[in-house]
Amino acid sequence: MPIQIVRNDITKMKVDAIVNAANNSLLGGGGVDGAIHKAAGPKLLAECRTLGGCETGDAKITRGYRLPCRYVIHTVGPVWQGGGSGEREKLISCYKRSLELAKSKRCETVAFPLISSGVYGYPKDEALNVAVGAVSEFLADNDMTVYIVIFDRAAYQIGEKLFKDIKEYIDDRYADEHSDSVSERLRRMNAPSVHTLRENGPVFGAAPMAADYAPAAKAAPQASPKAAAKAISLDDALKQLDESFSEMLLRKIDERGMTDAQCYKKANIDRKLFSKIRSDRHYKPSKPTAIAFAIALELSLSETKEMLEKAGFALSHSSKFDIIIEYFIERGNYNIFEINEALFAFDQALLGA
Ligand code: APR
């Protein structure tokens, strides 16, 4: 995934380059600057002395020395003065200049801290928004994996009310396992009920889905002719039952009028993985990848469950991660940033991470 939001100590990241939130002197300091110099050893400072400082919004590059990375890119973020002194533009410039330097050194992986969000006082959630926006813009035209390294929980502050709301939602569901009956599956697909399917007999041989499950599922009342007319045709229903994950994904991209690139970038999935999925109708993605596509396509909860099923997964109420995803989809909130804030607040893995 091109952008990965991870919780870590940046000095531990095994990447081609890490970025340092430095000051104009480039002669070290506290925070991440202090941690990087400490881990790199004295040769880093010796090289920094030769650079002649750095302008705010600009970046300079040195070797990584004792750090598990080849390079350190030193950039100087703006000091937060309330937002009216061009802080945002300067912060965006830090990310852009750092990425240009990384590209010039053919780096394939780069890790950023949240620049300016510590001593320099930039509000953390805004700093994260700027980081994700600036990096996404660069990745639209460049192939690189960029890690945004969150060091402390404060970086993700979700409001008290939202936290309480999600907590209640989890508590209501977390205990019981959640599974859909077949008639629920077919209802979700707007297909005739299992009972109707049996009535009409399978279109081709035994319709494994309906025949296998009919005894288990309570025979739903016969759909009235009018209601049946609204449901998709039996043929389409069976076709959709047999549709693979990849086929459903491509159908949904078309239905949404999106291009492939718009979809996989919004899902934060790299192009190579998408072309694998596209070229193999039986490709089975990981669960986070399937969920990321459901969020990017802004699928309804039932469509999300259906798409997950085609990849061999289900949203389970024994997983807080799944329940939080369900919470946001049910509310029609597909903002991956807000979803990640909530996942982070509940110590769950992040989407795109
Ligand atoms: N790994 C990753 N992130 C870290 C680490 C670490 N080891 N240590 C701190 N951070 C995070 C902080 O939590 C914060 O979110 O880095 C972000 C940036 O905080 P600062 O290091 O304070 O940097 P900044 O706000 O840009 O201020 C720069 O601080 O250290 C001095 O010399 C530096 O004068 C400069 C100023």
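The values are calculated or read from the model by the stated rules, or taken from the named source; none is laboratory data. Worth saying up front: this structure is predicted, and the values here are computed from it rather than measured. Here the Cβ positions follow ideal geometry from the backbone for every residue, glycine too, while neighbour counts run over all protein chains shown. To get the accessible areas, we keep the full protein, side chains included, count just its heavy atoms, and leave off ligands, DNA and RNA. Shrake-Rupley method; radii C 1.70, N 1.55, O 1.52, S 1.80 Å.
The number of residues in the range 129-152 being within 6 Å of the ligand (Cβ to nearest atom) and in contact (Cβ under 8 Å) with a residue 60 or more places away in the chain comes to 2. Pairs linking a residue in the range 103-128 that is within 14 Å of HIS74 (Cβ to Cβ) to a residue that is more than 7 Å from the ligand (Cβ to nearest atom) and among the basic types (Lys, Arg), with Cβ atoms under 8 Å and 6 or more positions apart or on different chains, are LYS105/ARG70.
The residues of the range 8-24 that are in a loop (DSSP other than H, G, I, E, B), open to solvent by 30 Å² or more (accessible area, probe 1.4 Å), farther than 21 Å from LYS90 by Cβ and within 9 Å of the ligand (Cβ to nearest atom), listed by number, are ASN8, ASP9. When we screen ARG70, ARG97 for residues that are in contact with a strand residue (DSSP E or B) (Cβ under 8 Å, 6 or more places away or on another chain), over 17 Å from VAL135 (Cβ atoms) and touching a residue at least 24 places away in the same chain (Cβ under 8 Å), the only hit is ARG70. In the range 37-95, what residues are away from the ligand (no atom under 14 Å from the Cβ), part of a loop (DSSP other than H, G, I, E, B), among the small types (Gly, Ala, Ser) and farther than 21 Å from LYS12 by Cα? Selection gives GLY52, GLY82, GLY83, GLY84, SER85, GLY86. Identification of helices (runs of 4 or more DSSP H) wholly contained in the range 237-353 with 2 or more residues that are modelled with pLDDT under 90 and closer than 22 Å to LYS167 by Cβ yields 336-345. If you go through the range 34-53 and keep only what is surrounded by 21 or more Cβ atoms within 10 Å (Cβ to Cβ) and either in contact (Cβ under 8 Å) with a residue 24 or more places away in the chain or in contact with a strand residue (DSSP E or B) (Cβ under 6 Å, 6 or more places away or on another chain) (or both), you end up with ILE36, ALA40, LEU44, CYS48. Among the residues of the range 267-305, the ones that are on the phi > 0 side of the Ramachandran plot and open to solvent by 40 Å² or more (accessible area, probe 1.4 Å) come to 1 in all.
Picking from residues in the range 96-121 that are touching a Cys at 6+ places or on another chain (Cβ under 8 Å) and of a type in the set (Gly, Ala, Ser), the one that is nearest to the ligand (Cβ to nearest atom) is SER116. Selection over the range 96-123 of residues that are touching a helix residue (DSSP H, G or I) at 6+ places or on another chain (Cβ under 8 Å), outside any loop (DSSP other than H, G, I, E, B) and surrounded by 21 or more Cβ atoms within 10 Å (Cβ to Cβ) gives a count of 4.
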